[in-house]
1. Stretched out fully, how many nm does the piece from A:L165 to A:V291 gain, at 0.36 nm a residue minus the Cα gap?
2. Taking the dipole about the Cα centre of chain B, with the C-beta of Lys and Arg at +1 and of Asp and Glu at -1, give me whichever of B:M178, B:G244, B:G197 is farthest to the positive side.
3. Find the relative contact order for segment B:3-190 and round it to a whole percent, using C-alpha pairs within less than 8 Å whose residues are 6+ positions apart.
4. Exposure proxy check: A:K289, A:K45 ranked by fewest other beta carbons within 10 Å?
5. Once each part is reduced to its C-alpha centroid, what is the distance from segment A:1-68 to segment A:226-257 in angstrom?
6. So which residue, out of B:G111, B:G189, B:G217, gets the largest mean-square fluctuation from a GNM of chain B using Cα contacts under 10 Å as springs?
7. Which longest run of chain A has no exposed loop site in it, a site being GluC sites (Glu not before Pro) in a DSSP loop with at most 12 other beta carbons within 10 Å, and the site itself not part of the run?
8. Return the FRET efficiency for the residue pair A:T253, B:I7: r is the Cβ-Cβ distance, R0 is 45 Å, and the value is rounded to the nearest 0.05.
Amino acid sequence: MADKITLSKSDRLAVWFRHQYLQGSWNYERMQNGGWCFSMIPAIKKLYPNKEDQIAALKRHMEFYNTHPYVSSPVIGVTLALEEDRANGAPVEDAAIQGVKVGMMGPLAGVGDPVFWFTLRPLLGALGASLAMGGSIMGPILFFVLWNVIRLAFEWYTQEFGYQLGTSITKDLSGGLMGKITEGASILGMFVIGGLVERWVSIKFTPIVSTVTQSEGAYIDWDAIAETAGSGAQGVADAIQSALSQYSSLGATGLSIDKVTTLQSNLDQLIPGLAAVAVTLLCCWLLKKKVSPIAIIIGMFAIGILGHLAQIL
Amino acid sequence: MSVFTIILIVFVAFLAGMEGVLDQWQFHQPLVACTLIGLVSGYLEAGIILGGTLQMMALGWANVGAAVAPDAALASVASAILMVIALIGGSDQGTAISTAIAVAVPLSVAGLFLTMIVRTIAIPIVHIMDGAAARADYTALDVWSIIAICLQGIRIAIPAAALCFIPSGAVMGALNMMPAWLNEGMTIGGGMVAAVGYAMVINMMATKEVWPFFALGFCLAAISQLTLIALGVIGISLALIYLGLKELAQSGAGAAGSGDPLGDILDDYE
């Protein structure tokens, strides 16, 4: 038998590079098939010197395929291993290759979506956005660099993992590991989303519940401060010092005689962000009732405008 | 805007459009797209702030399976361009940003329809690729793959280019016509919109088992000293602890009745 044909590291790197364009020709008929075939081209060229075999391989890889674009990497790794075996004369049927692709894409999409779209991106996105909202360039840079380093490394190493393990990877997949990763990501994701709801969903109810005139000593006596400030430059400094020290001991309610309690401050005493979590859960419920997210978003703007006009928000 | 600026903006829009379908480099995420448009047009800081605000709204937007989410690419690119035009027209930064946020949502719906059109156009393209595969014509396969990706880029680049030619007077006129209550109301609405993205994420992941973690995250976030990184570390630790304990409970469940820990260990060695 002739020398064994193997895919070199540069071939695998070429596949890895092209595989980033997996979704380029995403279409409603066979979804990622064009991008998948595009990714396999360097390997097919290397493995099959004969034109008939190349055509058969290209056609085989134009079949329906759709999964999460990152976790597709181990699938392409396994497929490379299978094609290599086949090129070296092993009896690998077309159906076996298609079977591995279809068999892996479902469960893997179930891991990729929660891990990347619902945990990592909200986490890094919120981290970057919270910096960016203050105008810091570090926000976008942090998001972009961290995301792409993680992504490129993940795509390369899992492709290599799939290539080295070949079909035996399917055992690992059906085993507990994938389930555990998904569950761990869900836990982390839910925890972080809980935090984000508290921090970044903002609703302020402005109606005033009560206005109480505070007793003497519970507020800053601005007349006395003004008197001190009236007596020259040193007086101004003393006045500022006195006002600030009173403020730090009395808090925000000490700024005026009247203590104004809004509905919002009442709610915040129960637990900060209660209204935010209520709105979020309402959205969950509406989405489950098949209300379109766009309709909900437009509804929120309407509520914001009407609520503001009615002076509730 | 100078011709050079417009070319750079259209280039950023093209990248964002490609990424809107590829979902790899994340040029379509508001945080990146708005920052880049701010950078090339000379309003970097405003771009960053707009990007961060829109990012918070779009955190849960993701393409899952064949379902397509509201389109972040057109929303971020087009709203950033409108913001830049308003800033050139002399609008203050706060008004320009809050108006840009308000127009972002309808734009995300428009972008959604555009990507659906391109994803349909891609069907005949893959048929052409079928033909190329049958001839082992690698050049044609590569060219048509690249054409398909470029179509997604053009989907955003064309609207972006068109927007660049809107005179800033028109944008300023529209801005000045907008009453304050409308603008303030939109800002309030925008504060709630993030909830929709989070709700989408929650609905994808929530099971009875993980709801308590949502509650924990919510309560801990009220402690303002905890940064997002700290929350992330707590979350990872909780996940590891929970999974570890669960595994322990499962492996111990069978042997728990024996009341003989040493015997159980010996049994495990068999």
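1. Numbers: separation 126, 0.36 × 126 = 45.36 nm, distance 4.43 nm.
Result for the pair: 40.9 nm of gain on full extension.
2. B:M178
3. Values: 253 pairs, mean separation 52.3, N = 188.
For segment B:3-190, the relative contact order is 28 percent.
4. Values: A:K289 7, A:K45 15.
Least to most surrounded, the residues fall as A:K289, A:K45.
5. Here the answer is 75 Å between Cα centres.
6. Ranking B:G111, B:G189, B:G217 by mean-square fluctuation puts B:G217 first.
7. Longest site-free region, per DSSP loop and neighbour criteria: A:94-215.
8. On the way: r = 56 Å, r/R0 = 1.24.
Computed FRET efficiency for A:T253 and B:I7 comes out at 0.20.
Only the coordinates and a few stated rules stand behind these numbers; no lab work does. The structure displayed is predicted, hence computed values, not measured ones. Cβ: placed from backbone, ideal geometry, glycine included. Neighbour counts: every protein chain shown.
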